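Here the structure is laid out as C-alpha cells; the discussion comes afterwards.
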Amino acid sequence: MKTTKLLRRRRDRCGALALLAALTLIPGTAMSQLRPLVPLMLDNLGDVNRIGEAVALDDLEQVAISVQALKQRAVGMRQLDLATLDLDPEQDALWDGFLQAQEAAADVVLAAAEKKDGRAVMAATRRLVGNACLGCHASFRDPGNMLRPSVLFMTSLLSAWRDMNRGLSMKDFNLIDLRARDVSALTEVIAGDEILENAFRLGGSKQRRIFRGFLRRVSENAALISQAADAEDLPAVLDASNAMWTDGCISCHEKFRR
C-alpha cells in the first residue's frame, strides 16, 4: 500500500540518521540543547519503537538496521566520561556492564532477525529493554527521584507505549486499542492545573500552554490509534503512532528536558 511504502521510506531514512548519530555521537540540531544522555536515550527508544513497527510489517531488514544502531550506540556510550554526564566515575564498571548487556542483547535480536523469526525478535527486544535499559535506569537514577510524580506519570505513558508496540508486533489490535485509550486518559489527568504545577513544576501560563499543546497532540493521535485499531487498519495505526511519538513525545522532550 502507498502508506506502507511511505512508512518504510521514512523508517529507512530515520534508521540511517540514527546509525550516523550513533557512530559520531553528535546530536542533531534539534537535540543540541538537551542534557548529554537524553538524545541518546531518545534514539534508543526510537529504535526499539522501529523494531516493533518493522516486525508488524515483516520488514526484518529494518529490524537489523535499528538493532545495529542500538549496538553501536552502546559501544559509543562506553567511551563517554561519566563525570561529564554528572554520574559517579567510580561506577564505571557498572556502567560498562549494562552497556555490554545492551550489546549482547542486540546480538540476540539481530540473530532472530536473520532467522526471520518475528516472535523471537520481540522476545529478545523485551529482554534488552528489561535487563539492559531498565536495569541501568534503576541503578543510575536516584531512587528518590524515581518516585517523583512527574516520573511516575511518564513511566505510565512509557508502559502504555511499550504495550502498543508489542501489540503492533503481534497484530493484537485489542491490546493496541486498550493501551491507546489509557494514553488518552493519562493525558487528560496530566493536563490539570494541579498536576502541572505540583508534579511537573510548570507554574507559568506560557509553559503550561506549550506543555498542554504536546499533550493534546499525544491524545489526538492516541484517539486515531484507537480508531484505526478498531478497524484493524495497520498502516493507519502506524501513521498515528509515528505522529504521536515524533510530534508529541519527542518534541515535548526536546522542549522541556534541557
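Every number in this text was worked out from the coordinates using simple rules, so none of it is lab data. Bear in mind the structure is a predicted one, so any value in this text is a computation, not a measurement. Cβ: placed from backbone, ideal geometry, glycine included. Neighbour counts: every protein chain shown.
If you rank 137, 253 by fewest surrounding Cβ atoms within 10 Å, what's the result?
137, 253
How large is log10 I(q)/I(0) at q = 0.21 Å⁻¹ when the Debye formula is applied to the Cα atoms of region 170-219, each weighted equally and without solvent?
Taking Cα atoms of region 170-219 as identical point scatterers yields -0.70.
Under the Karplus relation 6.51 cos²θ - 1.76 cosθ + 1.60, θ = phi - 60°, what is the ordered set of whole-Hz ³J(HN,Hα) values for region 98-107, x standing for Gly and Pro?
For region 98-107, the Karplus curve yields 5, 5, 5, 5, 5, 4, 5, 5, 4, 4 Hz.
Would you give the gap between the C-alpha center of region 60-117 and the C-alpha center of region 157-228, rounded to a whole Å?
Centre-to-centre (Cα) distance: 28 Å.
When the convex hull of the Cα atoms of region 92-238 is projected onto a plane and the area is averaged over all directions, what value comes out in nm²?
10.3 nm²
When the C-alpha atoms of region 183-244 are aligned to their principal axes, what extent does each axis show, in angstrom, from largest down?
Sorted from largest, the Cα extents of region 183-244 read 41, 17, 11 Å.
Per the Kirkwood formula on distinct C-alpha pairs, the Rh of region 45-140 is how many angstrom?
Every distinct Cα pair counted, the radius reaches 13.6 Å.
Among 77, 124, 87, which residue has its Cα furthest toward the positive end of the charge dipole of region 70-150, with +1 on Lys/Arg Cβ and -1 on Asp/Glu Cβ?
124
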